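Chemist: Below you will find the structure I want to go over with you.
Rule-based calculations on the coordinates, nothing more; no lab input. Fair warning: this is a prediction, and the values are worked out from it, not measured in the lab. Cβ sites come from the backbone with ideal geometry, for glycine too, and all protein chains shown count toward neighbours.
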Amino acid sequence: MPLHPELSNIIIPKEIIEKKYHGGIIEFRKWFDENKGSRWQEDKECFLIAQMECNMHYIDFLFEQGLHYDYDTNSSVDFACVKRYGGAIWEAEWLRYNDAYIWHKDCHKDKVAYAEKINNMDMQDISDAIERGENIWDTIW
């Protein structure tokens, strides 16, 4: 299910959280829910931690909790950092995105098609959708 990015986003696959995060998904969810910003999101495959910049605060925390981060190359094989205006800071083989959404490569193709449709809307299409009461910037479930 595609996630709508903020300015900077840390995206973590749930399968990585389950395998590597100390305490697995249960402990991560406790932390996520207690610290959740208003635009933090999750879908079937991933968690998204939205922030103004991909700063070291959350990256250091994730590293301390068992996820990989290479301080020499400023990259990870476990999670990605994606800026809305600029794309991925480092490559992740599982990560896909366009200008409007971010998703895991295993996301259902119908959901990806909808994310691509929204990404290709012009301003009039967006305005019309909003007038119809559609919130096109939400996570696509």
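Chemist: Taking region 1-84, which chymotrypsin sites (Phe, Trp or Tyr not before Pro) meet the DSSP loop condition and have no more than 14 other C-beta atoms within 10 Å?
Modeler: Tyr71
Chemist: If you don't mind, another one. If you keep only loop residues by DSSP, which GluC sites (Glu not before Pro) in region 68-120 have at most 16 other Cβ atoms within 10 Å of their Cβ?
Modeler: Hits after loop and neighbour filter: Glu91, Glu93.
Chemist: What number, in percent, do you get for the relative contact order of region 1-78 if the mean sequence gap of Cα pairs under 8 Å and at least 6 apart is divided by its residue count?
Modeler: Relative CO of region 1-78 lands at 38 percent.
Chemist: I want to make sure I understand the PRE zone here: with the label point 7 angstrom from the Cα of Glu18 toward its beta carbon, which residues in region 40-72 have backbone N atoms less than 19 Å away?
Modeler: Answer for region 40-72: 42-48, 66-68.
Chemist: Binned at 5 Å from 0, what are the whole-percent values of the Cα-Cα distance distribution for region 82-129, short to long?
Modeler: Going out from 0 Å in 5 Å bins, region 82-129 shows 5, 20, 25, 22, 17, 7, 4, 0 percent.
Chemist: Using a Förster radius of 30 Å, what is the FRET efficiency between Tyr58 and Asp106 based on their Cβ-Cβ separation? Nearest 0.05, please.
Modeler: In this case the efficiency is close to 0.80.
Chemist: Only Cα pairs within less than 10 Å get springs; with that Gaussian network setup on the chain, which residue of Ala88, Ala113, Ala80 has the largest fluctuation?
Modeler: Among Ala88, Ala113, Ala80, the largest GNM mean-square fluctuation belongs to Ala113.
Chemist: Once the Cα atoms of the chain are picked out, what are the Rg and Dmax in Å?
Modeler: In order Rg, Dmax, the Cα atoms of the chain give 15.3, 49 Å.
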